[in-house]
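What follows is one structure encoded as structure tokens, with my remarks underneath.
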Amino acid sequence: MPIRVLVVDDHSVVRSGVASFINAQPDMTMVGEAGDCDGAVAETIATKPDLVLMDIRLGDCSGVDACRSIKATAPDVKVVMFTTYAELDLLRNAIDAGASGYVIKRMTLKSLAETIRRVMDGEELVIDERAQAALAGGGAEAHLAERLQRLSPQERRVLSLIADGLTNRQIANELSLAEKTVKNYVSALLHKLDMTRRAEAAAFRAAIDDMGDDD
């Protein structure tokens, strides 16, 4: 039976991108999605997932609180925190709430799938390598800022429009560019960010936005 995954994130474009990737895996299927804490608990009850992929900071509450509520309601459901923030306090709180994994959004989707499999194979706590490095090296914020600086101003504009869910044609219309030019910009920015998919770029942009919301 495929691993049943529920995705909880307050950015719809991230949910959509992750959903496409999850459903493309031969051993996984996405059974539901939610954008807030109440929805996360309700969807867990309704869809009975094996694993919940949970943003640690949601619009109405902390993903840690939602994790705690889910574990109280459905203790056998695994929760993996999917987050921008590589902070020791958040990691400890997530573990205390019953999370089985802690990964940061700038990891590759392939690595995310591997983390889900490891958790479902019974590993008690999985912390991805990039989260460990960020935790050891000063947190996610500096890493995100450094990667964003790799992009030209035009590439940053294209990145923002990708995060808004626009296609290459729509981006071309928005920026008054040829569609082929936009395609080249997308390829270039993915390469600079060490990514292969638009969904990864959208998640990265959403992570930047999350940090801006906290200012």
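The values are calculated or read from the model by the stated rules, or taken from the named source; none is laboratory data. Just so we're clear, the structure is a prediction, and the values are computed from it rather than from any experiment. Here the Cβ positions follow ideal geometry from the backbone for every residue, glycine too, while neighbour counts run over all protein chains shown. Note: areas computed on protein heavy atoms with side chains; ligands, DNA, RNA excluded. Shrake-Rupley method; radii C 1.70, N 1.55, O 1.52, S 1.80 Å.
All of (1) over 24 Å from G165 (Cβ atoms); (2) open to solvent by less than 10 Å² (accessible area, probe 1.4 Å); (3) in contact with a Cys (Cβ under 8 Å, 6 or more places away or on another chain); (4) not small (G, A, S) hold for D65 with one exception: (2). One residue stands out in the range 96-121 among those that are of a type outside the set (A, V, I, L, M, F, W, C) and more than 25 Å from R198 (Cβ to Cβ): the one that is surrounded by the most Cβ atoms within 10 Å (Cβ to Cβ), namely S100. Of the numbered criteria (1) modelled with pLDDT of 90 or more; (2) out of contact with any strand residue (DSSP E or B) (no Cβ under 7 Å at 6 or more places or on another chain); (3) within 23 Å of T29 (Cβ to Cβ), the one I70 fails is (2). If I go through the range 155-192 residue by residue, how many of them are in contact (Cβ under 8 Å) with a residue 60 or more places away in the chain and outside any helix (DSSP H, G or I)? Residues that pass the stated criteria total 2. Apart from one condition, H143 fits all of (1) exposed (fewer than 15 other Cβ atoms within 10 Å of the Cβ); (2) modelled with pLDDT under 95; the exception is (1). If the condition is being within 15 Å of G63 (Cβ to Cβ) and either surrounded by fewer than 20 Cβ atoms within 10 Å (Cβ to Cβ) or among the small types (G, A, S) (or both), then the range 16-40 contributes A34, G35, D36, D38, G39, A40. Selection of first residues in the range 22-41 that are farther than 13 Å from D9 by Cα and of second residues that are assigned to a loop (DSSP other than H, G, I, E, B), restricted to Cβ pairs under 7 Å at least 6 apart or on distinct chains, gives the following pairs, ordered by first then second residue: D27/P2; M28/P2; T29/P2; V31/P49.
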